[in-house]
Ligand SMILES: [Zn+2]
Ligand SMILES: [Zn+2]
């Protein structure tokens, strides 16, 4: 079929269970965030492009290659948000959220946009859930932010992650470190790729992001930022590790972990899973104590993380897990012929008033075809309305899985259906 329009490349429609899975992750994580005292925030999908170029960094892949930005009809340069942290800090500063008391603990979920090379499981419109703690530099906040992903993975039954942890230091440590790192990079520049040479000039702290084997070789003996932490940063990092130990969260200090964004300071972390022999980062974050100043605000420490929902779903599928509980229909109401449509409609409305998920036929199909439809919809029961039954004021309930059927009085429909569903829940071990 030669359709005139298709979804933009790398973007997809989420239908039925695909969308339900996304919603289920949103729901699970929202519950967790609220449990930890976070409040939801949503910000516009469009932001001034400068918000991202300034904070993520001109030299980053996101800004250079992946950000959707355009001039609107008024000549303003806008961007589809590629991430959630800078918009939330903008909203915090612009809305004076500080006056509500500190820290502000905020969570979000929604679509993000990056024009990445199309590949399996990577979408140009994808979804993130995430949270930020603004206005506290306590390592307690870092520990809490880190712990939430671990709890979400636990709730979903995937705990085979590796949590990588690093400290990127503050401006003072970074200055001392760069004084050693830059001459080192100069020494090994012959072995660095073109992009690393650009990084070496523009944002040398991000040099370790490169995945090229030759660059990784060249950098294997590079000085590490963790060896240059000032007293304050050293204490912050060791306190964070004490809190994680107390919470029973396993981690590995990875001195090469840099994170691909410019605004991180001190804590950086990533949750990685083995995925088809490769490492897949599903959740990541860190501290960004200088972000507020970059945006022209007063100094505001912050720490946060985001989790890629589509990547999490791919991981769950590969582990044979699904976040979905049974979302199928409870009852399919089937009139034996068109003359019982009105009687069926009244029963359907009663079921829906009783909060029982129910549906009926809209295509005047035969009873046999309606049975097939009910099966396709995952209905647990079919309720048949026919002449003989109508005369005796009963209807027939058919258990599709158990392949048995029985008559019930019309006035008892809700009670009988609920009893059946309750028994089934117990039998299925679904509590
Ligand atoms: Zn420091
Ligand atoms: Zn490189």
Checklist entry - For segment 243-284, what is one quarter of the convex hull surface built on the Cα atoms, given in nm²? => result 3.9 nm²
Next on the checklist: Between segment 331-372 and segment 102-162, what is the separation of their alpha carbon centroids in Å?
Outcome noted: 43 Å
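Provide Rg over Rh for segment 172-229; use the alpha carbon set for both Rg and the Kirkwood Rh (inverse mean inverse pair distance).
Numbers: Rg = 10.6 Å, Rh = 11.3 Å.
Ratio value, two decimals: 0.93.
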Next on the checklist: Testing the spin-label approximation: label points 7 Å from Cα along Cα→Cβ at residue 59 and residue 377. State their distance in nm.
Outcome noted: 5.9 nm
Checklist entry - What is the spread of the Cα atoms of segment 24-136 along each of their three principal axes, largest first, in whole Å? => result 37, 34, 27
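Rounded, prolate or oblate: which fits segment 61-198 when a ≥ b ≥ c are the square roots of the eigenvalues of the alpha-carbon gyration tensor, with rounded for a/c under 1.5 and prolate only if a/b beats b/c?
On the way: a/c = 1.32, a/b = 1.13, b/c = 1.17.
Note, shape of segment 61-198 comes out rounded.
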Next on the checklist: If I model segment 146-197 as equal point scatterers sitting on the Cα atoms and use the Debye formula, what is log10 I(q)/I(0) at q = 0.19, 0.24, 0.26, 0.32 Å⁻¹?
Outcome noted: -0.76, -0.91, -0.99, -1.12
Checklist entry - Using alpha carbon coordinates only, what is the Rg to Rh ratio of the chain, with Rh defined as the Kirkwood radius? => result 1.10
Item to check | Using alpha-carbon coordinates, inclination of helix 413-427 to the longest axis of the chain, degrees | outcome: 50 degrees
Checklist entry - If each of residue 317 and residue 15 carries a label point 7 Å out from its Cα toward its Cβ, how far apart are those two points in nm? => result 1.5 nm
Checklist entry - Where does the chain land at 222 nm, in deg cm²/dmol rounded to the nearest 500, when only DSSP H runs of n ≥ 4 count, each adding -39500 (n - 2.57), divided by all residues? => result -11500 deg cm²/dmol
Next on the checklist: Rounding to the nearest 10 and keeping the result within 0 to 90°, find how far the Cα-based axis of helix 341-353 lies from the longest principal axis of the chain.
Outcome noted: 40 degrees
Checklist entry - Given a Förster radius of 22 Å and the C-beta distance between residue 392 and residue 366 as r, what FRET efficiency does 1/(1 + (r/R0)^6) yield to the nearest 0.05? => result 0.45
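Quick one: length gained pulling residue 202 to residue 337 fully straight, 0.36 nm per residue minus the C-alpha distance? Working shown, then result.
Details: separation 135, 0.36 × 135 = 48.60 nm, distance 7.45 nm.
Length difference between fully extended and current span is 41.1 nm.
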Next on the checklist: Testing the spin-label approximation: label points 7 Å from Cα along Cα→Cβ at residue 70 and residue 27. State their distance in nm.
Outcome noted: 3.5 nm
Checklist entry - Relative to the longest principal Cα axis of the chain, at what angle does helix 367-376 sit, 0 to 90 degrees, rounded to 10? => result 20 degrees
Next on the checklist: Eigenvalues of the Cα gyration tensor times 5, then square-rooted: what semi-axes does that give for segment 331-424, in whole angstrom, largest first?
Outcome noted: 17, 16, 13
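Rule-based calculations on the coordinates, nothing more; no lab input. Treat the numbers as computed from the prediction; the structure is a model and nothing was measured. All Cβ positions, even for glycine, are placed from backbone atoms using ideal geometry, and neighbour counts span all protein chains on display.
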